[in-house]
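Colleague: Dumping the structure here so I can ask a few things about it.
Since every read-out is calculated from the coordinates, none of them should be taken as a lab result. Every value quoted in this text rests on a predicted model; they were computed, and no experiment measured them. All Cβ positions, glycine included, derive from the backbone under ideal geometry; neighbour counts span all protein chains shown.
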Amino acid sequence: MTTDSDVNTVLGLSERRCWHAVRLIQGLLLIIVGYALVTVNLGLVVNAAIPLALTFLPALVRREFTHEMGAGLALWIALAAFLHAAGALGPYEMFGWYDSVTHTVSATLVAGVGYAIVDALDQSAESVTVPGEFRFVFILIFVLAFGVLWEIMEFASAGVASVVGGEPVLAQYGTSDIVFDLLYNAVGALLVALWGTGYFDGVAGLVSRRFSRTSDSS
């Protein structure tokens, strides 16, 4: 079983404490889902249930691919998921800075996925050499493209809600909100591109092996 370089050493937490924190966050998300069901709040159900499902991604990867993502990375994912679900309870509207923090943390994970993809392409094909400058640009563009897609989904959610009635599943707060969302998405991308790619080397190796198996079977 392979293991990622972990972030728990940066956080100053043991692996055991990181996993305990992940379980605590999962419990809190489950409470939010239960509250949303009791109050018949469909938007909150979606905004809490999907983040809760994402916190089980490390366990799914471990079972399906025998790859250990690491406690620190699992906590990173769980924290991003919890920030979004908790924001749907009110902090998004109550605190202007909350949305920016959430987008920055989420963008770091999206940037990690972008890095894993481009590094996997570099590793899996001998004829492909990806220079560091291109990786940097690719990560930034990947995150911004994902951010634009998310904003489109928010607009679509508002459009559907206006047709069928009720509150939109994804809240959208106007043009200035879009600009700041994309800005802080870029901040998250820069943080990973400059200092955080090493934490996703294990994920990149996993993706590279999947690419290699796909090409060998075709």
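Colleague: With the calculation restricted to Cα positions, what are the radius of gyration and Dmax of segment 7-89 in angstrom?
Modeller: Just the Cα atoms of segment 7-89 yield Rg and Dmax of 13.4, 41 Å.
Colleague: Scan segment 93-157 for GluC sites (Glu not before Pro) in coil per DSSP, keeping those whose Cβ has at most 15 other Cβ atoms within 10 Å, and list them by number. Numbers along the way, then the final one.
Modeller: Values: sites: E93, E126, E133, E151, E154; in loops: E126.
Answer by residue number: E126.
Colleague: Ok, one more. Expressed as a rounded percentage, what relative contact order does the chain have, with Cα pairs under 8 Å and six or more residues apart?
Modeller: Working: 281 pairs, mean separation 57.6, N = 218.
Once normalised by length, the contact order is 26 percent.
Colleague: Would you mind classifying segment 140-218 by shape? Square roots of the alpha carbon gyration tensor eigenvalues, ordered a ≥ b ≥ c; an a/c under 1.5 is rounded, otherwise it is prolate if a/b is larger than b/c and oblate if not. Show your work: numbers first, answer last.
Modeller: Details: a/c = 3.77, a/b = 1.68, b/c = 2.24.
Oblate, because a/c is 1.5 or more while a/b does not exceed b/c.
Colleague: Check G70: other-chain or 5+ apart residues with amide H under 5 Å from its amide H, H built from backbone geometry?
Modeller: D4
Colleague: A further question on this structure: Order by neighbour count: D181, D201, fewest other Cβ atoms within 10 Å first, most last. Could the numbers behind the result be given before it?
Modeller: Working: D181 23, D201 15.
Taking fewest neighbouring Cβ atoms as first place, the list is D201, D181.
Colleague: Assuming 0.36 nm per residue, please report the length gained on full extension of the stretch A59 to R209 beyond their Cα-Cα distance.
Modeller: 52.1 nm
Colleague: Match the structure shown to one of the listed values (1) 1, 7, 12, 17, 18, 17, 13, 8, 5, 2, 0, 0; (2) 1, 8, 17, 21, 22, 16, 10, 4, 1, 1, 0, 0; (3) 1, 7, 13, 16, 17, 14, 9, 6, 4, 3, 3, 2, 1, 1, 1, 0, 0, 0 of P(r) over Cα pairs in 5 Å bins from 0, in percent, computed from it, and give that label.
Modeller: (1)
Colleague: Hey, fewest Cβ within 10 Å first, where do I32, I152 land in order? If you can, show how the numbers build up before the last one.
Modeller: Values: I32 23, I152 10.
Arranged by neighbour count, lowest to highest, I32, I152 become I152, I32.
Colleague: What order, most packed first, do the peptides 182-195, 53-66, 99-112 have when packing is the mean number of other Cβ atoms within 10 Å of each residue?
Modeller: Numbers: 182-195: 18.9, 53-66: 14.7, 99-112: 22.0.
Peptide ranking by packing, descending: 99-112, 182-195, 53-66.
Colleague: Going by how many other Cβ atoms sit within 10 Å of their own, how do Y115, Y98 line up, fewest first? Present the calculation step by step, with values, prior to reporting the outcome.
Modeller: Values: Y115 26, Y98 16.
Lowest count first: Y98, Y115.
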